[in-house]
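*Asks:* I'd like to ask you about the structure that follows.
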Amino acid sequence: MSLDWFSTRSLYFPACAAATSLVFLGVQRVSSAPLSENTTCSTERRVGPVRRLKFAAHRVGGASIFCWQLARLLACLVLVVLSALDKDQGHDGGHDVAWNAPSTSQWSTHTMALHTTRTSWTGAALLATYGYSSALSTYTLLTSPQSSRNTQPHLCVVLLSAWFVYVARDVYPLATYSLVPLDAADPLLWFKVAVLSVAAVVVPVCIPHTYIPNGASTRNEHVPPEETASWLSFVTFSFLDPLIWKGYRCLHLSYEDLPVLADYDRAEHLRQRAFPELDPFESASFASKPRHLVFRLLRVFRSEYIFIAVTTALRVPASFLAPIGLNRLLTFIESAGEGAVVRPWVWIIWLFLGPFLSSLVFECYAFVATRMLVQAESILTQLVFEHALRIRMKEETLHTDVERESELESSISSEAVPAVKTVRTGSTTEGSNGQTKVPSSTARNADNLVGKINNLVTTDLNNIVEARDFLFLVIYCPLQIIICVWFLYEVLGAASFAGLAAMVVTFPIPGFVAAKVNQTAKERAKKTDARVQQVTEVVGLLRMIKLFAWERKIKERIAEKREDELTWIRKTRTMTLINMNLNFAMPLVTMIVAYATYTMILGGQLTASRVFSSMVVFEMLREQFRMVGSMVPAVIQAKVSLDRLSAFLRSTELLDRYANLQRADADVLSDQQVIGFQDSSFSWTASDSSSRSRSGRSSTPGAGRRDFALRVSGSLRFVPGALNLVVGPTGCGKTSLLLALCGELHFVPQTPAAWFDLPSGGGVAYAAQEGWVQNETIRDNIVFGAPFDEERYWSVIHQCGLERDLSLFDAGDMTEIGEKGLTLSGGQKARVTLARAVYSDAAILLLDDVLAALDVHTSKWIVDKCFKGGLLRNRTIILITHNIPLVADIAAFVVSLSPDGRVVGRGTVAEVLSHASSNSKLVAQVEETKQMDDKAHSVLDARPLDRHQRPGGKLIVAEQIATGSVNWGALALYFKSLGGVTFWVLYFSCLTVSNAVILMQTWFLGYWAQQYEDAGEGHAAEVPAGRYVAGYGALVAINFAVYSAAFMVFLLGSMRASRIIHETLISSIIGTTLRWLDVVPVSRIITRCTQDLRSIDGPLGLIFTQTAETAFGILSRLAAIIVMSPIFVIPALVVAVVGRACGQVYIKSQLSVKREMSNARSPVLGHLGAAITGLTSIRAYGAEAAFKATARERLDKYTRVARTYYNLNRWIGTRTNAIGGLFSAGLAAYLVYGTVPKASTTGFSLSLTVAFSRLILNWTRNLNQMEVEGNSLERIQEFIDIEQEPKPTERGIPPAYWPASGRLRVENLDARYSSDGPPVLHDINFDVLSGQRIGVVGRTGSGKSSLMLCLLRAIFTSGHIYYDGIATDRINLDALRSNITIIPQQPEMLSGTLRQNLDPFDQHDDVTLNDALRAAGLVRLQEGSDTRSRITLDSAISSGGGNLSLGQRQIIALAPTAAVDYATDTAIQESIRQELHGVTLLVVAHRLRTVMDADKIMVLDAGRLVEFDSPRALLQRPNGLLRSLVDESADKDELMTIAKAGLLQT
């Protein structure tokens, strides 16, 4: 295309664009539906001009948008007027110009005036273009954004076409020595260009976007600034300026101060977007097309990845603007401008535009990438959570995805029997019968389900999102390397191929290292999982650990896991060093080979322009290899984590209703709406049934294998609208029967006509055996998301006997329960669970022995007021109970189970008992119940309950958020842990030498290039190139060695710091008080031990090394600048001050947001853990949707904070890069125009100062990032400084003979759970002689558990407790607690074998352990049961003992418990008398038969000791509390006989 053609035809281009636009708009209008919108409504016509303007501004999206659109319209009209005037006056701007340009010398003294030839056509074309643009501008101004959505792009394209034409005709020539503007003769040229620039450039980039909600249901009350920001504000992130300055001025930015969440970031929207592709139950192709999860995520985020691919590709040419500009600028200086076409200021601008445009492109890329990161976190967390709601709960004992050993303790210590034992009766009924088949090989690999899911949504999720930049490996790095090679070829010629050959030869080495990195990453992940899961289990059972004085041994176990993890972290870091050195060395080797080839073989002159421009490119090449080296391990680790997530989605065993979606419902359910079974068998897992079908029942079980099946032969139908009982011995499968009805067990039909059915149309309520509650108020737990009906609510409170309990709480029913119901006693928790079921409108209630934890008075109240009350009338109740006499008269139907899980009786109470000769004692008890006098009066009445909401019920304290900069104490914790003086001297010395050598390398190359300049043209052979190549290679080798030494020194120090900080944190948590554990959720503790420790192990150390290296680089270059170019010192310091100022403004806001972000994650994990714990109850109630909604709410809160956090990083990035680019361009301008430049000096000075400014800005960023990562140190420090129990001292060691006896004396004992809390025990006094057996009874909440805790100094006490004559407050806690054994109310167990639970520290042989089981009565209870279902030392125990019933757990824990039947209770009492003879026993009992033969009975009421004497003496008191309890009991006569005889009648 000739210049003549361009000068005469180019002004037609805008008219062509306008015509094309008109055609497209016409086609769109014809093909679309007619617009129903009126541009001016009738209301608007009737109001005044001011109101009309307001209407117009509101219509287009706001006053700001209206003003910008009005400005564009005015600019278009001005252009129309100018074009019309120009046409009338004959100046349309079309010109003919001669191609023959004058020489450079002529251009310097002469400006050529061009003769112009006017044509009317070009003027008419411009007039039509601007007229069309004015029409489009008017339309966009008068219509709504929805109507003008298609018009805006056309308007922008038309105006930009005109603007680009004028830039090409009149602006570009100004940058050359040989051309002049084509329209220079037009006197209004620059005014036209300015007006056109406003309309075509300024308005489009500055006008805000109109907020269009992403659906009416998700419309934000406040407009998200991200969605309304203009393009200029968006690419510079100026829409965050108000937040930044607010954060700078205030002490702390709260959550409410952050920008509202954009519509497309909301969890509900993300779920709708992603689940059709990722969720196995919503994706039609998930099973049919088993694609890897990576490709499914790519499909979900396809638009984001397209944008990322484009920006990644654009960043490559943008990054070469600076090297090209530097090369051209130095070439201009070397040639003194001879033959130059482009003016040097153009190349100076390139030095600024290169890093600035590259930064803008990268920040836009990072904005989308981090948005996708946060969205992926929300999506995957929802995916894991919702899939977890489908899991079969007992599945956790079957898989070995994560290799670990569960070597921890259970609820029993097998150490020497102490002189005093406190025995706690169970407060709940038998658990899910627990008969679960486990792998025959070992049970040590049993998974902790909650821990596994926590790992998936923390560690694995972080690994996945950290690999979001994998497209750099696919697009950016290959393109960058290709262009680097092309650039080097242009500069060094064929020598670049020699360097490329060296690169190809060494390229397989990083691949080998990457494979090793992959192996170490996998092993490290396993070790991290093992440590995290063990910490998770320990934290969950920390109370038990403290009460058994196992702290020291537990810390040793955790330390072993931590040491294994650190070993692999060290190996990973070592491989990282090797990888870094390789990636650093390969470009240097390439550079040395290329320079040597160019000078020694090709004989070329290594001029300054070649050296310094190629140095930049070699540095870019080195950066690519460094990026590959750092990203390959991250991608590999993400692959590992994605495989784990995929295995969780595909391989986890699900409930039948999810696993058998393709089976017809008729295969499982009957045709009638009945409640019951027919010819059905149920197992805990599908593998159980398949194993039985393959091997048969007679097969010999492997070690540790237990196999249980619930069997219902024939038809079993419960009576609707009545009370149905399920009875049987401990561990027979009563809970399994309820869970089978709920669909929790695997259904195995025995005949073709088999079915089971639980109609859910009227709703189902489930009161679990362990009284599952949420960390909410008592009211919230009872209402459970249902509409609040005040009258019904208070009726439920009354009928469930909670009025008196609520009156004892300062906040009444607004009291926060705490995690696992810590505020409530076992009986209170059971009644809250019952109240939840009663309050619901469910037609069917499944109650799992809610009476077991209650005393006689409370149990009778529940039966009389609740079971016989109006709220349960005509509702179907299926109740598991051992207390048949209490409910026999209202039971319409009874189901009896045998010990091996078979239904052996069904019908009325009389019918069932008449067929079971072994139940003769129970028959007698039922008959005795019928003859009892009706004593429905209750001592549960309390003072009138204040029903108004009262403050003060908060238990869980809000997580503290630090303000200001990271405190020095937290940083000092890390710095001191790194090492002493020797560490810092060695590390800093190595960094100093390394940076000095790097400076020498740059200077040496400049010196080498200077030799060619001094030798002159054609004398390159006189320069000894071999010597210089060898010298440069030596400097490179020295730098390798010194830097590696620095890295290893810091590696050893960081390992020491990780070990010390972890040990300090664990010691602090294990050594804290029980009260602190009450008010701090477990999820916060786990977050400190996982997420925050992960920062210590990884990012914090990396950021610190980068900060230290950058700081030493700054100091070394500043010293060089002072020596070489002192004039650069002041500008460099200015850059440092400006960069630091930007950093200070940024860091105040970022620290606040980072702290909020850390705190926003814990509630998500806490909700997930609580939901998994109560999974059976949630599914029974059908409350999955409510829990999903709550999870989405908490995810939205986290997403809002996380998006702001990442966007603030973009804000500082654009500004620091702009400052660096301006500094480089300013110095280049000074060197070119302010001095007499010399190429080698200019190149060295520019490279030095550019590197200095880059390092300053990097140092600012790193320092800010280190403060941000230091937030994890703050959070860990917060948990290190918590309140602690007294530490062991020399004075606290008791005498060697102690305890010689079990005498216990208590004087004036008061107790409270917190130092400022209300007293729970008042003036307790008693004296227990050695060897006595004391029964402790009292109503629920009377203080029985509190008294047990006082004996162990677990709560705040005043007064004195003497144990064998020594005050317990003078004895070390470990000595005290190891000599007083408490068997807790709800025994806790950890995953592993029964042997590991009984003997967690391998102190006893199997003979001793079997004797202990035999003494506890377990062997006797299993007589006659199937061999495969018996519990042995090799039997697997899931986390928490979930695969055992509570009764079985309490038998193992040697606890006389209400959760067992009478026969079991008798066996336990006998074993206690025989095995613990001579030991002082305090037995807390709900069942009076347990303690009526005790030496003395202690009766507590409202925290006071009201009675303490022998049973016979207490029963002789007519108005005594124990006497009233006995009178209410169904076993009154027998209890009186036992008390008189002083022995148990069996």
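*Asks:* What tally of residues in segment 838-849 results from selecting those that are touching a Phe, Trp or Tyr at 6+ places or on another chain (Cβ under 7 Å) and closer than 10 Å to Leu872 by Cα?
*Replies:* 1
*Asks:* Would you confirm whether or not segment 871-883 contains a residue that is at pLDDT 85 or above, of a type in the set (S, T, N, Q) and touching a Gly at 6+ places or on another chain (Cβ under 8 Å)?
*Replies:* yes
*Asks:* Test Val748 against the stated conditions and say whether it is open to solvent by less than 30 Å² (accessible area, probe 1.4 Å), touching a helix residue (DSSP H, G or I) at 6+ places or on another chain (Cβ under 7 Å) and not in a loop (DSSP other than H, G, I, E, B).
*Replies:* no
*Asks:* Moving on to the next point. Check whether at least one residue in segment 1335-1352 is surrounded by fewer than 22 Cβ atoms within 10 Å (Cβ to Cβ) and among the basic types (Lys, Arg), and report yes or no.
*Replies:* No: segment 1335-1352 contains no residue that is surrounded by fewer than 22 Cβ atoms within 10 Å (Cβ to Cβ) and among the basic types (Lys, Arg).
Conditions (1) among the hydroxyl-bearing types (Ser, Thr, Tyr); (2) modelled with pLDDT of 75 or more; (3) part of a helix (DSSP H, G or I), marked per residue:
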{"site": "Phe1004", "(1), (2), (3)": "no, yes, yes"}
{"site": "Tyr1007", "(1), (2), (3)": "yes, yes, yes"}
{"site": "Glu1013", "(1), (2), (3)": "no, no, yes"}
{"site": "Gly1033", "(1), (2), (3)": "no, yes, yes"}
{"site": "Ala1037", "(1), (2), (3)": "no, yes, yes"}
{"site": "Ala1046", "(1), (2), (3)": "no, yes, yes"}
{"site": "Ser1054", "(1), (2), (3)": "yes, yes, yes"}
{"site": "Ser1058", "(1), (2), (3)": "yes, yes, yes"}
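*Asks:* Of all the residues that make up segment 341-367, how many are aliphatic (A, V, I, L, M) and surrounded by 20 or more Cβ atoms within 10 Å (Cβ to Cβ)?
*Replies:* 6
*Asks:* Right, something else. Just a yes or no: is a residue in segment 1343-1350 of a type outside the set (Val, Ile, Thr) and closer than 30 Å to Glu1063 by Cα?
*Replies:* Yes, segment 1343-1350 has at least one match.
*Asks:* Quick check on my filter: what residues within segment 1483-1532 are open to solvent by less than 20 Å² (accessible area, probe 1.4 Å), in a strand (DSSP E or B) and at pLDDT 85 or above?
*Replies:* Residues satisfying the conditions are Ile1497, Met1498, Val1499, Leu1500, Glu1507.
*Asks:* Report every pair of residues separated by at least 6 positions or lying on different chains whose Cβ atoms are under 6 Å apart, first residue within segment 370-386 and more than 22 Å from Gly1213 (Cα to Cα) and in contact (Cβ under 8 Å) with a residue 12 or more places away in the chain, second of a type in the set (Lys, Arg) and open to solvent by 10 Å² or more (accessible area, probe 1.4 Å).
*Replies:* Gln382/Arg271
*Asks:* Please go through segment 1067-1102 and give me each residue that is open to solvent by 10 Å² or more (accessible area, probe 1.4 Å), of a type in the set (Val, Ile, Thr) and in a helix (DSSP H, G or I), ordered by number.
*Replies:* Listed by number, the residues that qualify are Val1079, Val1082, Ile1086, Thr1090.
*Asks:* Just to verify a result, which residue in segment 814-859, among those that are modelled with pLDDT of 85 or more, touching a helix residue (DSSP H, G or I) at 6+ places or on another chain (Cβ under 7 Å) and of a type in the set (D, E, K, R), is nearest to Leu1074 (Cα to Cα)?
*Replies:* Result: Lys829.
*Asks:* To continue, here is another question. Which condition from (1) open to solvent by 20 Å² or more (accessible area, probe 1.4 Å); (2) modelled with pLDDT of 90 or more; (3) in contact with a helix residue (DSSP H, G or I) (Cβ under 6 Å, 6 or more places away or on another chain) is the one that Leu196 breaks?
*Replies:* (1)
*Asks:* Give all pairs with beta carbons closer than 8 Å in which a residue from segment 1086-1103 that is within 12 Å of Leu1165 (Cβ to Cβ) and aliphatic (A, V, I, L, M) meets a residue that is open to solvent by 10 Å² or more (accessible area, probe 1.4 Å) and part of a helix (DSSP H, G or I); count only pairs at least 6 apart in sequence or on separate chains.
*Replies:* From segment 1086-1103, the pairs are Ile1086/Asn454; Ile1086/Thr536; Ile1086/Val539; Ile1086/Leu1165.
*Asks:* Would you mind finding the one in Val727, Val764 that is under 22 Å from Gly1174 (Cα atoms) and surrounded by 22 or more Cβ atoms within 10 Å (Cβ to Cβ)?
*Replies:* Val764
*Asks:* Is at least one residue of segment 282-291 farther than 21 Å from Ser641 by Cα and either in contact with a Ser or Thr (Cβ under 7 Å, 6 or more places away or on another chain) or hydrophobic (A, V, I, L, M, F, W, C) (or both)?
*Replies:* yes
*Asks:* Output the residues belonging to segment 601-626 that are assigned to a helix (DSSP H, G or I), touching a residue at least 24 places away in the same chain (Cβ under 8 Å) and open to solvent by 30 Å² or more (accessible area, probe 1.4 Å).
*Replies:* Ile601, Arg610, Met615, Val616, Glu619, Arg626
*Asks:* Still on this structure: Which of (1) surrounded by 23 or more Cβ atoms within 10 Å (Cβ to Cβ); (2) at pLDDT below 75 is the odd one out, the single condition Ala1415 does not satisfy?
*Replies:* Of everything listed in (1) surrounded by 23 or more Cβ atoms within 10 Å (Cβ to Cβ); (2) at pLDDT below 75, Ala1415 misses just condition (1).
*Asks:* Say whether the condition of being β-branched (Val, Ile, Thr), closer than 30 Å to Asp257 by Cα, open to solvent by 30 Å² or more (accessible area, probe 1.4 Å) and in a helix (DSSP H, G or I) is met by at least one residue in segment 1165-1187.
*Replies:* Taking every residue of segment 1165-1187 in turn, none turns out to be β-branched (Val, Ile, Thr), closer than 30 Å to Asp257 by Cα, open to solvent by 30 Å² or more (accessible area, probe 1.4 Å) and in a helix (DSSP H, G or I).
*Asks:* Here's something else I'd like to know. In this structure, does Arg552 turn out to be more than 30 Å from Gly821 (Cα to Cα), open to solvent by 10 Å² or more (accessible area, probe 1.4 Å) and of a type in the set (D, E, K, R)?
*Replies:* no
*Asks:* Right, next: Here's a check for you: in segment 1296-1316, which residue that is among the hydrophobic types (A, V, I, L, M, F, W, C) and open to solvent by less than 30 Å² (accessible area, probe 1.4 Å) is farthest from Leu1352 (Cα to Cα)?
*Replies:* Selected residue: Trp1298.
*Asks:* Can Gly354 be described as of a type in the set (Gly, Ala, Ser), at pLDDT below 90, farther than 30 Å from Gly1169 by Cα and assigned to a loop (DSSP other than H, G, I, E, B)?
*Replies:* Answer is no for this residue.
*Asks:* Then there's this: Looking only at segment 1376-1397, filter to residues that are over 36 Å from the mean Cα position of the chain (by Cα) and either open to solvent by 20 Å² or more (accessible area, probe 1.4 Å) or farther than 20 Å from Gly1302 by Cβ (or both); which one of those is modelled with the lowest pLDDT?
*Replies:* Restricting to residues being over 36 Å from the mean Cα position of the chain (by Cα) and either open to solvent by 20 Å² or more (accessible area, probe 1.4 Å) or farther than 20 Å from Gly1302 by Cβ (or both), the top hit is Thr1381.
*Asks:* Working only within segment 145-176, note down all residues that are open to solvent by 60 Å² or more (accessible area, probe 1.4 Å), in a loop (DSSP other than H, G, I, E, B) and either farther than 27 Å from Trp68 by Cα or not charged (D, E, K, R) (or both).
*Replies:* Answer for segment 145-176, where residues must be open to solvent by 60 Å² or more (accessible area, probe 1.4 Å), in a loop (DSSP other than H, G, I, E, B) and either farther than 27 Å from Trp68 by Cα or not charged (D, E, K, R) (or both): Gln146, Asn150.
*Asks:* Also, I was wondering about something else. Filter segment 539-549 down to the residues that are under 24 Å from the mean Cα position of the chain (by Cα) and outside any loop (DSSP other than H, G, I, E, B), then identify the one that is surrounded by the most Cβ atoms within 10 Å (Cβ to Cβ).
*Replies:* Gly540
*Asks:* Give me the pairs: first residue in segment 483-497 and open to solvent by less than 50 Å² (accessible area, probe 1.4 Å), second residue outside any helix (DSSP H, G or I), beta-carbon distance under 8 Å, and six or more apart or on different chains, which are they?
*Replies:* Note: pairs meeting the criteria are Ile483/Phe320; Phe487/Phe320; Leu492/Gly604; Gly493/Leu602; Gly493/Gly604; Ala495/Leu602; Ala495/Gly604.
*Asks:* Let me ask you something else. Please work out which one of (1) closer than 30 Å to Gly1071 by Cβ; (2) within 29 Å of the chain's Cα centre (by Cα) is the condition Arg552 fails and give its number.
*Replies:* Against the list (1) closer than 30 Å to Gly1071 by Cβ; (2) within 29 Å of the chain's Cα centre (by Cα), Arg552 comes up short only on (2).
The values are calculated or read from the model by the stated rules, or taken from the named source; none is laboratory data. Every value quoted in this text rests on a predicted model; they were computed, and no experiment measured them. So basically every Cβ, Gly included, is an ideal-geometry build from the backbone, and we count neighbours across all protein chains shown. In case anyone asks, the SASA skips ligands and DNA or RNA and just uses the protein heavy atoms, side chains included. Shrake-Rupley method; radii C 1.70, N 1.55, O 1.52, S 1.80 Å.
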